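J.: Supplied in structure tokens, the structure appears directly below.
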Amino acid sequence: GKLKFAKSMANKGLFPELPLSDIVSVCNSLNIPLTEDDLRSLHPSTIRMVYENFLELLTGISRDTLQQPEFNALQCLSYPELHEESLPEFMFFRELQKLLRDAGFRDFGWKDLQEPTSRRTVSCLSAIINFTRFRDAFSPRYQSLVEQSEQYLEKRQNLQLEIQEKTVKLRTLQTQREVEAPQVRRTEEEIAKLEAEIRVLHQHQTALQNDLKKLKSTITETNERINNTKFAIVAARQENATLKSQIIPTPDVLRKQIEDLKAQVEAEKENISNNTKKTLDLQARYDLLGRMDKEVQKATKLVEDAAIEIQKAKGSRKEVKEAKSRVA
């Protein structure tokens with residue numbers, strides 16, 4: 001208890017006997033009435049009163065408490081009514097004996113209470129007073145330690161409660177985890193599947209991006225071809241218009257004229273001997289017509305070539321339309 005240190009000091013015999021004057025002075029300072037004459041006369045009731053005051057001061061056990069023995073203790077006796085006065089006396093002696101033993105006086109007995117002697121009474125009171133002095137000297141430190149102990153005890157209790165709460169919460173979470181474990185596994189499997197699908201989609205996206213780049217390149221090339229074809233069509237149209245302006249409107253009539261001239265030439269040949277000049281003139285016209293025929297053939301060939309180019313241009317236009325439809 002709180003008197004352990006003082007008790008250990010008493011056990012080592014460190015409590016010397018005090019002069020009567022010191023004993024009286026200490027008792028009076030503690031509001032315990034006592035004189036040196038009382039210590040010399042040693043009246044049992046006076047000495048008992050001093051012991052009762054020290055017992056209450058050091059242990060908190062008052063005289064009134066001792067006069068009220070526990071009901072259960074009385075029931076243990078055969079005739080409890082015969083012990084109503086002796087039992088409080090015994091309890092007082094027992095508590096006082098324990099106090100003096102703790103103070104270092106180990107052989108306190110009934111005789112010291114009923115027939116006190118000067119030497120033993122001085123020794124008992126010296127032990128109790130020294131015991132009180134040591135208790136008072138170390139009481140602040142002890143009180144501080146008690147307060148710290150109470151704080152630590154309260155903290156320990158709070159920690160224990162917190163541990164219990166967290167243990168219950170942990171068990172709840174463990175139970176919940178066990179219950180949710182299948183769902184967690186299913187979720188993890190779904191996540192793995194989604195990740196695999198994402199990887200496939202990423203690969204597909206990469207492939208589509210490559211295809212898109214190629215398609216953009218194809219569109220660019222197609223647009224260039226379309227533009228080139230447009231330029232070619234315009235050039236062909238211009239050349240076609242030029243050729244049309246050079247073609248004779250009715251080549252059949254020209255051919256008929258040529259045939260007629262040929263007939264006339266043949267007729268004139270029969271009369272060449274009669275009219276040489278006329279024959280020569282006709283020959284000149286014939287030669288002119290021959291050259292014109294060659295020119296007509298050339299022009300006809302150019303018309304046919306122009307028609308072929310027009311057909312090619314139409315084919316190119318169709319290809320351009322098809323390319324546009326594929327791009328769209």
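The values are calculated or read from the model by the stated rules, or taken from the named source; none is laboratory data. The shown structure was predicted, so the numbers you read here are calculated from the model rather than taken from an experiment. Ideal geometry is used to build each Cβ from the backbone, glycine not excepted, and the neighbour counts take in all protein chains shown. The area values use the complete protein model at the heavy-atom level, side chains included, leaving out ligands, DNA and RNA. Shrake-Rupley method; radii C 1.70, N 1.55, O 1.52, S 1.80 Å.
J.: Just list whichever of LYS216/LYS312; LYS298/LYS318; LYS193/LYS214; LYS214/LYS321; LYS262/LYS298; LYS213/LYS312 have alpha carbons separated by over 24 Å in the model shown.
T.: Violating the 24 Å limit, Cα to Cα: LYS216/LYS312; LYS298/LYS318; LYS193/LYS214; LYS213/LYS312.
J.: How many Å³ per residue does the convex hull of the Cα positions in the stretch 99-174 occupy?
T.: Looking at the stretch 99-174, the number lands at 123 Å³ per residue.
J.: Which of the aspartates and glutamates could a cross-linker span from LYS256 if the Cα-Cα distance has to be under 17 Å and same-chain partners fewer than 8 positions apart are dropped?
T.: GLU266, ASP287, ASP293, GLU295
J.: Can you tell me how much longer the chain between LYS318 and SER217 gets when fully stretched, taken as 0.36 nm per residue apart minus their C-alpha distance, in nm with one decimal? Show your work: numbers first, answer last.
T.: On the way: separation 101, 0.36 × 101 = 36.36 nm, distance 2.07 nm.
This chain segment gains 34.3 nm when fully extended.
J.: Could I have the simple spin-label model distance between LYS98 and ARG63, label points 7 Å from Cα toward Cβ, reported in nm to one decimal?
T.: Placing both labels 7 Å beyond Cα along the Cβ direction yields 2.1 nm.
J.: Further question: Between the stretch 139-180 and the stretch 281-311, how many Å separate their Cα centres?
T.: 121 Å
J.: Follow-up. Taking a label point 7 Å from the Cα of VAL265 along the Cα→Cβ vector, which residues of the stretch 284-303 have an amide N closer than 12 Å to it?
T.: Once the point is set 7 Å along Cα→Cβ of VAL265, 284-294 turn out to lie under 12 Å by backbone N, inside the stretch 284-303.
J.: Could you compute the FRET efficiency for GLU56 and SER21, with r as their C-beta to C-beta distance and R0 at 30 Å, rounded to 0.05?
T.: 0.80
J.: If you count only protein heavy atoms and use a 1.4 Å probe, how large is the accessible surface of SER41, to the nearest 10 Å²?
T.: In the full protein context, SER41 sits at about 80 Å².
J.: So what J values fall out for the stretch 161-166 if you push phi through Karplus, 6.51 cos²θ - 1.76 cosθ + 1.60 with θ = phi - 60°, rounded to Hz, Gly and Pro as x?
T.: For the stretch 161-166, the Karplus curve yields 4, 5, 4, 4, 4, 5 Hz.
J.: State, to one decimal in nm, how far the label point of ARG285 lies from the label point of VAL327, with both points 7 Å from Cα in the Cβ direction.
T.: Taking the two extended label points, one gets 6.1 nm.
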